[in-house]
Amino acid sequence: MSTPVIDAPASRIPSGTLTVLVTDIVGSTRLAEELGDRQWWRILRAHAAVVRSEIERGGGLEVKSQGDGFLAVFPSARRAILAAVGIQQALDRQRRLDPTHTVELRIGLHTGDVVEADGDVFGQNVILAVRIADAAGPGEVLVSGLTHDLTVAAGDLPFGPGRDVALEGFSHPWRVHR
């Protein structure tokens, strides 16, 4: 008697090497307290619309949102960086048009293989992207040295000089570029 083969549902996460993009709202708890829940919710919705639009436009996939941050993956490092820059530019436009929209993001990107399970991504490469986002300043996009190296040759993405940063939980410094 043979056992029927049941195909597992196809993952929505692409396989192979991906660029992980992580966003985090700077000072989100303080902002939520200052603004109150209703105003904070209005700002979070506007922020989410901007981030989702740029992720989609860049060909990325939103993996998850934690309210004040997003995790997305892209099959192209260049398109992930362009999406990150697009997010920052769109939020800057919002701040100029609406002074009450005070959200500033820090964004980190790293490229590598990830472990996919149940529609989520895990592994050291995801953790690196999170820690790189943690190291970014308000309004800053930081990319790992590897992501920089994969994209710099085209010449159309201006990068700042690299710097080594200590990332929480990692035993050695990592090179990042603004």
>> Restricting to the stretch 66-83, count the residues that are open to solvent by 30 Å² or more (accessible area, probe 1.4 Å) and either modelled with pLDDT under 95 or in a helix (DSSP H, G or I) (or both).
In response: 6
>> Return the residues of the stretch 140-149 that are within 17 Å of the chain's Cα centre (by Cα) and either at pLDDT below 95 or part of a helix (DSSP H, G or I) (or both); say none if nothing qualifies.
In response: 145, 146, 147, 148
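Considering only the stretch 149-164, how many residues are of a type in the set (A, V, I, L, M, F, W, C) and more than 12 Å from residue 79 (Cβ to Cβ)? Reasoning before the result, please.
Step one: of the stretch 149-164, the residues of a type in the set (A, V, I, L, M, F, W, C) are 150, 152-154, 157, 159.
Okay, now just the ones that are also more than 12 Å from residue 79 (Cβ to Cβ), so 152-153, 159.
Qualifying residue count, the stretch 149-164: 3.
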>> Looking at the stretch 85-100 only, could you name the residues that are surrounded by fewer than 17 Cβ atoms within 10 Å (Cβ to Cβ) and either in contact with a Leu (Cβ under 7 Å, 6 or more places away or on another chain) or not in a helix (DSSP H, G or I) (or both)?
In response: 98, 99, 100
> How many residues are within 22 Å of residue 131 (Cα to Cα), open to solvent by 30 Å² or more (accessible area, probe 1.4 Å) and in contact (Cβ under 8 Å) with a residue 24 or more places away in the chain if we restrict to the stretch 145-160?
Replying inline: 2
>> Condition first: open to solvent by less than 30 Å² (accessible area, probe 1.4 Å) and farther than 15 Å from residue 14 by Cα. Now tell me which residues in the stretch 124-138 satisfy that.
In response: 128, 129, 132, 133, 136, 137
>> If residue 171 satisfies all but one of (1) open to solvent by less than 80 Å² (accessible area, probe 1.4 Å); (2) outside any helix (DSSP H, G or I); (3) hydroxyl-bearing (Ser, Thr, Tyr), what's the number of the condition it fails?
In response: (1)
> Residues 87, 43, 25: which one is on the phi < 0 side of the Ramachandran plot and more than 14 Å from the chain's Cα centre (by Cα)?
Replying inline: 43
> When both residues are 6+ apart or on different chains and their Cβ atoms are under 6 Å apart, which pairs have a first residue that lies in the stretch 65-89 and is without any contact (Cβ under 8 Å) to a residue 60 or more places away in the chain, and a second that is in a helix (DSSP H, G or I) and surrounded by 22 or more Cβ atoms within 10 Å (Cβ to Cβ)?
Replying inline: 70/51; 72/55; 74/80; 86/54
> Just for the stretch 101-119: of the residues that are open to solvent by 30 Å² or more (accessible area, probe 1.4 Å) and within 14 Å of the chain's Cα centre (by Cα), which one is farthest from residue 143 (Cα to Cα)?
Replying inline: 104
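The values are calculated or read from the model by the stated rules, or taken from the named source; none is laboratory data. All figures in this text were calculated on a predicted structure; none of them were measured in a lab. Cβ sites come from the backbone with ideal geometry, for glycine too, and all protein chains shown count toward neighbours. Heads up: the accessible areas ignore ligands, DNA and RNA and are worked out on the full protein's heavy atoms, side chains in. Shrake-Rupley method; radii C 1.70, N 1.55, O 1.52, S 1.80 Å.
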